[in-house]
Structures are given as C-alpha cells and as structure tokens.
Amino acid sequence: MNNQAKIAALASLVILSACGNRGSLQPPKGQALPAPVYGESERPTGEELITPDTQAQPERSDELLRRSEKRQDDKFDLPPPG
C-alpha cells in the first residue's frame with residue numbers, strides 16, 4: 001500500500017469512529033438547557049427537545065371510503081378570475 005491509500009484508510013476509520021456516539025445529549029460545558037416553556041415548572045431534557053411533537057409529525061389516517069358519497073357544494077370553490 002502506498003502512503004495515500006494508508007492516509008485515506010486512516011481518515012475513513014477516524015470519520016466512522018466519530019459516528020458511533022450514542023450517549024445521552026448534554027449541553028456544552030458552561031451552557032444550560034433552554035428555559036422551561038411558559039407555564040411549565042421543569043426544563044425539558046435533551047431527548048424531549050429532539051422528539052417531535054404530534055403537531056410536527058401527525059399520525060396518518062388510513063380510513064378507507066366504505067361507500068360512495070356525493071360531495072357537498074363548496075361555496076368557496078370558485079373559478080379563477082378572468
């Protein structure tokens with residue numbers, strides 16, 4: 001192996017080893033987590049901060065139509081002007 005191949009292999013190992021951090025999230029030293037939301041008494045944890053709420057990630061509704069239904073008239077469904 002030449003030197004360039006050895007350097008490339010070493011660099012790829014270093015990059016891959018940095019991807020394995022699975023510890024709990026902590027704020028950087030000297031900094032604190034954000035203040036609690038208005039009305040809450042406790043600060044959120046790191047895991048709570050990265051977990052999307054239901055508004056950001058709504059559940060999917062897979063309700064199938066059981067029978068054909070006539071659409072109701074929509075008074076706001078207007079043709080484009082002109």
### Query
Could you give the angle, 0 to 90 degrees to the nearest 10, between helix 3-18's Cα long axis and the longest principal axis of the Cα atoms of the chain?
50
### Message
Which order do the peptides 49-58, 71-80 come out in when sorted by mean C-beta neighbours inside 10 angstrom, highest first?
### Response
49-58, 71-80
### Query
Taking the highest mean first, how do the peptides 37-43, 64-70, 7-13 order by number of other beta carbon atoms within 10 angstrom per residue?
7-13, 37-43, 64-70
### Task
With P(r) over Cα pairs in 5 Å bins from 0, in percent defined as stated, name the option among (1) 3, 15, 19, 15, 12, 10, 8, 7, 6, 3, 2, 1, 0; (2) 3, 17, 30, 28, 15, 7, 1, 0; (3) 3, 8, 8, 9, 9, 9, 8, 8, 9, 9, 8, 6, 4, 2, 1 computed from the structure displayed.
(3)
### Message
For the pair residue 14/residue 61, report the inter-label distance in nm, with labels modelled 7 Å from Cα in the Cβ direction.
### Response
5.3
### Query
Looking at 2, 46, 64, which one has the Cα that reaches farthest to the positive end of the dipole of the chain (charges on Cβ: Lys, Arg +1; Asp, Glu -1)?
2
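Coordinate-derived values only; no laboratory data. Remember, predicted model here, so these are calculated numbers, not experimental data. Don't worry about glycine lacking a Cβ; one is built from the backbone with ideal geometry, like all the others, and counts go over all protein chains shown.
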